[in-house]
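What follows draws every value from the coordinates through simple rules; no lab data is involved. These numbers come from a predicted model, not from an experiment. Positions of Cβ are backbone-derived with ideal geometry, glycine not excepted, and every protein chain shown enters the neighbour counts.
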Amino acid sequence: MKSHTLTDLDAQLRFHDFPGLGIPLVFVHGLGCSSSCDYPRVVSDPALARRRFILVDLLGSGFSDRPDSFLYSMEDHARSLVDLLNALDAPEAHFFGHSMGGTIAIVVASLQPDRIRRLVLAEPNLDAGGGVFSRAIAAQSESDYITHGHAETIRSATANGNHIWAGSMAVSSPAAIHREATSLVRGGAPSWRDQLSSLRIPRTIIFGERSLPNPDATGLAKVGISIISVPNAGHSLMWENPSGLASAIDAALT
C-alpha cells in the first residue's frame, strides 16, 4: 500500500497501485466501504489482466486518515482524488466508481474533463435524496449518529448477514459516514445526473441484474450512455459476482 499526503489537511490518503499497461483505472468505493477491501478479487480476474489499477481508500474509510476538519462531501472527495492524480503525475486516467463512488467519479470527470478518458459507474447516485442507507443516516443529527447510530447500523448489517459491509463500516469514521450521507441526500449543483449527461467521454453504467428493471437502464441509454448488466448480482456487485463485474468493466474499457 502507498500513501499520499494531502498537504492542506495534513492527512494521508492511502491506496494500492498495481502495476500494469496502459491508462490507469482508478477505483472509488461506496458509502462505508473501502477499495482495499472491495476490489482485489475484481482486479485479479483474468478479464482485467495486465492493466494498471489504483485502488483508493477515501478519507474516513479503510486505511486512510480520518481528519475531523474534512467535510467529506462528494466534491471534497473528488478534489482529494485530483490531488492524488497530480501527485502520481498521471496525465490521463479511467475511473470506476460504485454507488457513492460513482458520484465522486462523475465529479472528478467534471473537474478534469481533459484528463479522464472513460467513466465506468456501478449503480451510482445521480440525484439528490440519497438511497435507503444514506437517508436513514442523514436523518439523524451528526452527534446522535456518532454516539449510537453508527454502532446500530453495524449491528443491523451484521444481523442481516451483510458481514463485509459491517466490517468496513466498523473501521470507518462515524463522522465521515454521516457527512457523506448528508452530501448524498443534499445532492450536487448542477445535479450529478446533469454533470454525467454533459460529459463528452465514453460512459458506461453497470447494473446488477437483481437491481433491474431500473428506469435509468433505458433512460440513460437514450443520451449515449452504455448499459451493462451483471448476472447473479444486485447492488453489491463486487462481492456477489466479482468475476462478472470484472468482465463488465473490461467490456466498458474496450
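Observations on the structure shown:
- Value of Rg/Rh across the range 1-80 [Cα atoms, Kirkwood radius]: 0.99
- Per residue Cα convex hull volume in Å³ - calculated over the range 18-153: 120
- Kirkwood radius and radius of gyration were both taken over the C-alpha atoms of the range 140-254, and their ratio Rg/Rh is 1.03.
- MRE, 222 nm, helices only [DSSP H, n ≥ 4, -39500 (n - 2.57), over the chain, to nearest 500]: -11000 deg cm²/dmol
- Calculated Rg and Dmax of the chain using C-alpha coordinates, Å: 16.8, 47
- Average silhouette area of the range 189-248, convex hull of alpha-carbon atoms, in square nanometres: 4.4
- The charge dipole of the range 76-228, taken about the Cα centre with unit charges on the Cβ atoms of Lys, Arg (+1) and Asp, Glu (-1), comes to about 340 debye, rounded to the nearest 20.
- Taking Lys and Arg as +1 and Asp and Glu as -1, the other residues whose beta-carbon sits under 15 Å from that of PRO190 total -1.
- Part-to-part distance (alpha-carbon centres) for the range 170-247 and the range 1-66, which is given in Å: 18
- Among 3-14, 56-67, 195-206, the peptide with the highest mean count of other Cβ atoms within 10 Å heads the list, and the full ranking is 56-67, 195-206, 3-14.
- Within a Gaussian network of the chain (alpha carbon springs, distance under 10 Å), most fluctuating of HIS148, HIS77, HIS29: HIS148
- Cα-derived Rg to Rh of the range 105-144, Kirkwood definition: 1.15
- Normalising by residue count, the range 81-190 has a Cα convex hull of 117 Å³ per residue.
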